[in-house]
Amino acid sequence: MAAKDNAGAPEGATPEPGGANLQGGPQPTGADAEGQQQQVRLRLDERNLHTSYANAFRTDATAEEVMLYFGLNLVNPVAAQQGNPEIIFQANERIIMNYTMAKRLALTLGQVIRRHEEQFGEIELDINKRRQGGP
């Protein structure tokens, strides 16, 4: 089972056994009169969870929110046959979040990528270099 980072969890939340691995562990939500930190247990409810695959994304933003669109890049076969290659972005999911959550997501993704590259090597973004170096 892959480790789950849940940087979007409420501050002060601690994982239930077998639950999410919260980034940075428990965070204070406020101190009582004796200076002790309060902790809140986080339980994951995945009953409505669905999974989808994306090989492409796009972003949009307003002054208040960030929108992430996930989907598939698909080759338009009709246009390709006519000598006009075209890729269609088929958006399947839209996630809207505030900037605080977007920043938490960006930081968490950066950590996930860093750990992956430490274990498996650098991820090459240039497709031409990937083609030269791999099968």
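Some notes on this structure:
- Across the range 36-43, computed HN-Hα scalar couplings (Karplus, 6.51 cos²θ - 1.76 cosθ + 1.60, θ = phi - 60°) run 7, 8, 8, 10, 10, 7, 9, 10 Hz from first to last residue, x flagging Gly and Pro.
- Gain upon complete extension [E65, N98; 0.36 nm per residue less C-alpha separation]: 11.4 nm
Coordinate-derived values only; no laboratory data. What you see is a predicted model, and the numbers here were worked out from it, not measured in a lab.
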